[in-house]
Amino acid sequence: MKILALSLAALLPCLAAVPDVGKGRTMGDPAAPMLFELYSDFVCPGCKHLHENVLPTIVTDYVKTGKAYLVFREFPLNIPAHVYARPAAALAVAAAHIGKYQTVSDALFRSQQAWGLSGKVWEAVAGVLTPEEQKKVQALASDPAVLAEVQRDVDLGIKAALSQTPTVMVTYKLKRQPWTQFGDYSLFRGYIDGLFKK
């Protein structure tokens, strides 16, 4: 009985770390030994670089191999230069509800400079959705439940004391660490592979 109680106590932090997002904003096997929570802002140039140049390699090396479970979290920065980041996050989360998170995220990052300045966020998204999908995403983007999902991610990022975007919160063997350096992928790979050797 004592062993069972100790086992359950050891599992509680793992259960608390289980992502609270729908499958539309995740990739990989939820039972993977490592959890990556990617906090990003659709107006952030560093997030665009990560999304387009580094994330595909992370997915290939760790998510597709079953080593890590990837969760996408919204962290729109509350600064004047990112005034359109929250509406973009709401559209992406809304798109996740119809299975189009990656499609919309790709479109938002691809045309980041244009809509980031003009505020024409919807125009960046509409072109990658069918008319039926457009109606669903537009309706969902203003749904209080979707807006609450975005805010929940922001609150989690604040609670984790995030200092910048992009940040990947790496959880492995009950330890949670932020990683923010994506200029040289070999550093990230070395860090992650080193964790697996412990």
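The values are calculated or read from the model by the stated rules, or taken from the named source; none is laboratory data. None of these values were measured; they are calculated from a predicted model. Because the Cβ atoms are built from the backbone with ideal geometry, glycine has one as well, and the counts that use them run over all protein chains shown. To get the accessible areas, we keep the full protein, side chains included, count just its heavy atoms, and leave off ligands, DNA and RNA. Shrake-Rupley method; radii C 1.70, N 1.55, O 1.52, S 1.80 Å.
Taking the chain as a Gaussian network of alpha-carbon nodes connected by springs under 10 Å, the highest mean-square fluctuation of the residues ASP61, ASP106, ASP184 belongs to ASP184. Across the options GLY116, THR171, GLN134, the greatest Cα extent toward the positive end of the charge dipole of the chain (unit charges at beta carbon of Lys, Arg, Asp, Glu) belongs to THR171. Each residue of region 90-99 was assigned a 3J(HN,Hα) from its phi angle through the Karplus curve 6.51 cos²θ - 1.76 cosθ + 1.60 (θ = phi - 60°); the sequence is 5, 5, 5, 5, 4, 5, 4, 5, 10, x Hz, with glycine and proline shown as x. Along region 107-121 the Karplus relation, 6.51 cos²θ - 1.76 cosθ + 1.60 evaluated at θ = phi - 60°, assigns HN-Hα couplings of 5, 5, 5, 4, 10, 3, 4, 5, 6, x, 8, 7, x, 7, 5 Hz to successive residues, with x for each Gly and Pro. All alpha carbon pair distances within region 39-147 were sorted into 5 Å bins beginning at 0; the resulting P(r) in whole percents reads 2, 13, 23, 24, 20, 12, 6, 1, 0. Taking Cβ atoms as reference points and 11 Å as the exclusive limit, the residues near GLN151 contribute a net charge of -2, counting Lys and Arg as +1 and Asp and Glu as -1.
The phi torsions of region 54-62, fed into the Karplus equation with coefficients 6.51, -1.76 and 1.60 and a -60° offset, translate into couplings of 10, 4, x, 6, 4, 4, 5, 6, 10 Hz, rounded to whole numbers, with Gly and Pro shown as x. Taking a probe of 1.4 Å, how large is the accessible area per residue of region 86-198, in Å²? Value returned for region 86-198: 53 Å² of accessible area per residue. Stretching TYR191 away from TRP179 to a fully extended chain increases their span by 3.4 nm, per 0.36 nm per residue minus the current alpha-carbon distance.
For the chain, the relative contact order comes to 27 percent (Cα pairs under 8 Å, sequence separation of at least 6). Taking all protein chains together, ASP41, ASP29 sort by accessible area into ASP29, ASP41, largest first [probe 1.4 Å]. Taking the Cα centre of the chain as the origin, how large is its charge dipole in debye, to the nearest 20, when only Lys and Arg (+1) and Asp and Glu (-1) carry charge on their Cβ atoms? Dipole about the Cα centre, nearest 20: 580 debye.
Within the chain, what percent of beta bridges assigned by DSSP are antiparallel, to the nearest 5?
Beta bridges within the chain, antiparallel portion: roughly 65 percent.
Considering only Cα atoms, the convex hull volume of the chain works out to 128 Å³ per residue. Here region 106-198 is described by how far its Cα atoms reach on the three principal axes: 50, 28, 24 Å, from widest to narrowest.
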